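The values are calculated or read from the model by the stated rules, or taken from the named source; none is laboratory data. What you see is a predicted model; the values in this text were computed from it and never measured. As a convention, Cβ positions derive from the backbone with ideal geometry for all residues, glycine included, and neighbour counts pool all protein chains shown.
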Amino acid sequence: MTLNVGIIGCGGIVSHHIRGYQQTDARIVMVADVQEGAAQRRAEALGCAWTTDWRELLARRDIHAVSICTPNASHFEPAKAAIEAGKAVLCEKPMTTSRADAEELVRLVHEHGVFFQVAYMKRYHPVMRRFKELVPQIGAPVLGLVRCYQPMAESQWANAASWHFRKRRCGRWPAGPWRQPHAGPVALGARRCGRGVGARDQPTRHGRGLAHCRRPGNGERREYAA
């Protein structure tokens, strides 16, 4: 049976979802976005239906799965409704912007018995897998302050007018390089190297990832390359 997919949110990240679906037997049958122009452009490129109301998309019984690609603070409501409608869900990260909302989604997934996945694609990335292999050398994972986590060139980041730089819409910290601390996978180095933890992961530019930790005050620094 062909998997019919609906996509909620037609911003930049949706291109990756579309490319993934197009590499399978899945069929994108409808897209939704509150901005009519964005929804219409994606629909015309895909040859599918579009709407400005994601509830209309979820009401379609022929849609088996949905991708949720809205801004961070807008994940919970469509995700909740999709689960309750019995759809399989691929939700962009973060799952929600509050622990309570995330726990509610987990509860609903178990209640309705549907498939739900957060798009943490980095866990399959060769660089991240290499970091995991280094854990025995670095020490047990602990939480730390990530001073920088830059998974792409600065030129590829969203501009300052984007929702990525609006705390209310993106969650705890605005996105963007060098602006605020970010949560990242290399906090695993904090135990040995002190409180300051930083990371750069730019495989598209350098073909490798580099984690570094610096102990404030004495300048000690350790690097782990993959």
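Tell me which residues, restricted to the range 50-96, are among the basic types (Lys, Arg) and under 12 Å from the mean Cα position of the chain (by Cα). Let's see the steps before the verdict.
Residues of the range 50-96 that are among the basic types (Lys, Arg), as a first pass: 55, 60-61, 80, 87, 93.
Scanning the range 50-96 gives a single hit, Lys93.
Is it the case that some residue within the range 120-131 is within 23 Å of Ala65 (Cβ to Cβ), assigned to a helix (DSSP H, G or I) and modelled with pLDDT of 95 or more?
Looking only at the range 120-131, we keep the residues that are within 23 Å of Ala65 (Cβ to Cβ), and these are 120-124.
Keeping just the survivors that are assigned to a helix (DSSP H, G or I) gives 121-124.
Remaining after also requiring modelled with pLDDT of 95 or more: none.
Within the range 120-131, not a single residue is within 23 Å of Ala65 (Cβ to Cβ), assigned to a helix (DSSP H, G or I) and modelled with pLDDT of 95 or more.
Looking at Leu3, Leu46, which one is touching a His at 6+ places or on another chain (Cβ under 8 Å) and surrounded by fewer than 22 Cβ atoms within 10 Å (Cβ to Cβ)?
Checking each option against the conditions leaves just Leu3.
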The range 52-67 residues that are over 20 Å from Tyr21 (Cβ atoms), paired with ones that are among the β-branched types (Val, Ile, Thr) (beta carbon under 9 Å, 6 or more apart): Thr52/Val34; Asp53/Val34
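Here is a yes/no grid of residues against (1) out of contact with any Ser or Thr (no Cβ under 8 Å at 6 or more places or on another chain); (2) over 15 Å from Leu105 (Cα atoms); (3) part of a helix (DSSP H, G or I); (4) not polar (S, T, N, Q):
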residue: Gly37; (1), (2), (3), (4): yes, yes, yes, yes
residue: Glu44; (1), (2), (3), (4): yes, yes, yes, yes
residue: Leu57; (1), (2), (3), (4): no, yes, yes, yes
residue: Ile63; (1), (2), (3), (4): yes, yes, no, yes
residue: Ala73; (1), (2), (3), (4): no, no, yes, yes
residue: Ala81; (1), (2), (3), (4): yes, no, yes, yes
